[in-house]
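Down below is the structure, laid out as structure tokens.
The values are calculated or read from the model by the stated rules, or taken from the named source; none is laboratory data. Everything numeric here is computed off the predicted structure, so don't read it as measured data. Counting neighbours? That spans all protein chains shown, and the Cβs are built from the backbone with ideal geometry, glycine included.
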Amino acid sequence: MSSAFLGLFNMSSKPAVRPLDGITVVSLEHAIAAPFCTRQLADLGARVIKVERPGEGDFARAYDERVGGLASHFVWVNRSKESLTLDLKQAEALSALKTLLKTADVLVQNLAPGAAARMGLTATELQRDNPGLILCDISGYGNDGPYRDKKAYDLLIQSEAGFLSVTGTPDVPSKAGNSIADIAAGMYAYSNILAALLQRQKTGVGSSIDVSMLESLGEWMSYPMYYAYQGASPPQRSGASHATIYPYGPFKAGDGATVMLGLQNEREWLAFCEVVLDNPALASDVRFDKNSKRHENRDALAKLIDACFSKLTCDQVIAKLDQAQIANARLNDMNGVWHHPQLAARERWVSVDSPAGPIPALLPPGTNDQFDYRMDAIPSVGQHTKAILTEIGFNPDQISAMKATKAI
């Protein structure tokens, strides 16, 4: 990213009070689901202490080196956090964590099934010293049931939740191009923690939250499930096209670019024929005069649309679609998103610091006229260990001893 591009980033000036200021979150996290949850809590002002393995840290740090030597996944979900390294297999390190949790507000963890419980990191034990502590467990399948101990990666949950059955082409199922199951679980963990903080204001008591990736993505699959209610045929895989509405999907323009468009009703079909295809008579063609027929005869209609669009550039097709008030979009690649004029016009880019220097970052979705999101640095492994241990009462000799045994 060029320095000129970075220079475009700015944030407006608003009151310096954020919704989660004063809230401390401790997270035993790795990969995406838990880090995405806690990053959003940090966006709202929470202090997030990320507990990592000494030396290597979160294994997602090593996924790739695409962002100035840093991993793309890690950069995305770990800004505004403090990194505390602890080898929790060592008693002194585990004791330090439990001391930290005595004054924390939230504990988030997505360790292997049963790992937190084996270390005594349960609501029963931790809430004895801190009744207001909110615990949030994120796992593939939840804390009970026959699938409790199964390993769960994003692709596997996409498969179990039926997502792959409705995504892709008729011949080949396709996974989502992002970590959609992790994102779903992270979002529900985030919203459940916010609800628990509100609940604690009313009762003074913390909560124990159990979020599963399967249930999170399962909720997002409710339309296809209801479409297939009581054994009815499910939506068919149709690539980037709509499974039941036509024309609705990608079409090539004459310059090779792809335009996405979608028709929702007969009024739009008439406008599409008159303004875009310049063929008003097509609107009443008995093969295409209602959506079910257009869907049934989509191959024939596609040839007519392709013949028209092949004579036009992408910009010309979009101009005609806009004139007809037909919903449309460009099929952007990642470079197109980086330089999207709407994101630039709404000043959605800011710069965050990192071990690799300043990195551009999108502001979280949604704007609030009362606060700015927290957009602080991405930490290096163990960057805050000494300061945090000192804060909770460890003296320099104790810290040196823990370092010598690689407990930190």
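Some observations on this one:
- Test: residue in the stretch 148-155 that is touching a residue at least 40 places away in the same chain (Cβ under 8 Å) and within 21 Å of the chain's Cα centre (by Cα): yes
- Filtering the stretch 349-366 to residues that are within 15 Å of L44 (Cβ to Cβ) and surrounded by 14 or more Cβ atoms within 10 Å (Cβ to Cβ) leaves L363, P364.
- In the stretch 348-364, the residues that are touching a residue at least 24 places away in the same chain (Cβ under 8 Å) and of a type in the set (S, T, N, Q) form Cβ pairs under 9 Å with partners that are crowded, with 16+ Cβ neighbours inside 10 Å and part of a loop (DSSP other than H, G, I, E, B), at six or more places apart or across chains, as follows: S351/F9; S351/P358; S351/M375; S354/R79; S354/A377; S354/I378; S354/P379.
- Within the stretch 275-294, tally of residues that are among the hydrophobic types (A, V, I, L, M, F, W, C) and over 40 Å from the mean Cα position of the chain (by Cα): 4
- Output for the stretch 83-135, where each listed residue is part of a helix (DSSP H, G or I) and either closer than 25 Å to D182 by Cα or among the basic types (K, R) (or both): K98, A115, A116, A117, R118, A123, R128
- Whenever a residue of the stretch 383-401 is touching a residue at least 24 places away in the same chain (Cβ under 8 Å), its partners that are part of a loop (DSSP other than H, G, I, E, B), lying with C-beta atoms within less than 7 angstrom and at least six residues away or across chains, give the pairs T385/I408.
- Of all residues making up the stretch 191-217, the number that are assigned to a helix (DSSP H, G or I) and over 17 Å from L111 (Cα atoms): 16
- Set A271, A281, A327, A307: member being surrounded by fewer than 15 Cβ atoms within 10 Å (Cβ to Cβ), of a type in the set (G, A, S) and farther than 25 Å from T169 by Cβ: A281
- Which listed residue, of D171, D210, is at pLDDT below 95, out of contact with any helix residue (DSSP H, G or I) (no Cβ under 7 Å at 6 or more places or on another chain) and of a type in the set (D, E, K, R): D171
- Residue in the stretch 134-144 that is modelled with pLDDT under 95 and either aromatic (F, W, Y) or not assigned by TED's automatic domain parsing to the domain that holds G382 (or both) present: no
- Looking only at the stretch 236-256, and only at residues there that are surrounded by 16 or more Cβ atoms within 10 Å (Cβ to Cβ) and in contact (Cβ under 8 Å) with a residue 60 or more places away in the chain, the one that is farthest from A283 (Cα to Cα): R237
- Exactly one residue among L100, L94, L111 is under 23 Å from the mean Cα position of the chain (by Cα) and either modelled with pLDDT of 95 or more or under 24 Å from Q40 (Cβ atoms) (or both), and that residue is L111.
- Answer residue from the stretch 3-30, given it is hydrophobic (A, V, I, L, M, F, W, C) and at pLDDT below 95 and is nearest to V106 (Cα to Cα) among those: V17
- The one condition in (1) farther than 15 Å from A271 by Cα; (2) basic (K, R); (3) touching a helix residue (DSSP H, G or I) at 6+ places or on another chain (Cβ under 6 Å) that K320 fails to fulfil: (1)
- When R79, R66 are checked against the criterion of being without any contact (Cβ under 8 Å) to a residue 24 or more places away in the chain and assigned by TED's automatic domain parsing to the domain that holds I49, R66 stands alone in meeting it.
- Pairing each residue of the stretch 89-102 that is under 15 Å from N130 (Cα atoms) and in the same structural domain as V25 (by TED's automatic domain parsing) with any residue that is part of a loop (DSSP other than H, G, I, E, B) and at pLDDT 95 or above, provided the two are 6+ apart or on different chains, yields C-beta distances under 6 Å for L97/L86; T99/I392; L100/I392; K102/N130.
- Consider the stretch 156-213 and keep the residues that are in contact with a Gly (Cβ under 8 Å, 6 or more places away or on another chain) and among the hydroxyl-bearing types (S, T, Y). The one that is nearest to A243 (Cα to Cα) is T169.
- Close contacts from the stretch 13-26, counting a first residue that is touching a residue at least 60 places away in the same chain (Cβ under 8 Å) and more than 12 Å from A42 (Cβ to Cβ) and a second that is charged (D, E, K, R) and assigned to a loop (DSSP other than H, G, I, E, B), with Cβ to Cβ under 6 Å and a gap of 6+ residues or different chains, come to K14/D372.
- Pair list, Cβ under 9 Å, 6 or more apart: the stretch 188-207 residue within 17 Å of G142 (Cβ to Cβ), other residue aromatic (F, W, Y) and part of a helix (DSSP H, G or I): A189/F36
- Matching residues in the stretch 103-117 - criterion: being under 27 Å from A152 (Cβ atoms), surrounded by fewer than 16 Cβ atoms within 10 Å (Cβ to Cβ) and touching a residue at least 60 places away in the same chain (Cβ under 8 Å): none
- Within the stretch 150-164, the residues that satisfy the criterion of being part of a loop (DSSP other than H, G, I, E, B) and within 23 Å of P234 (Cα to Cα) are A161, G162, F163, L164.
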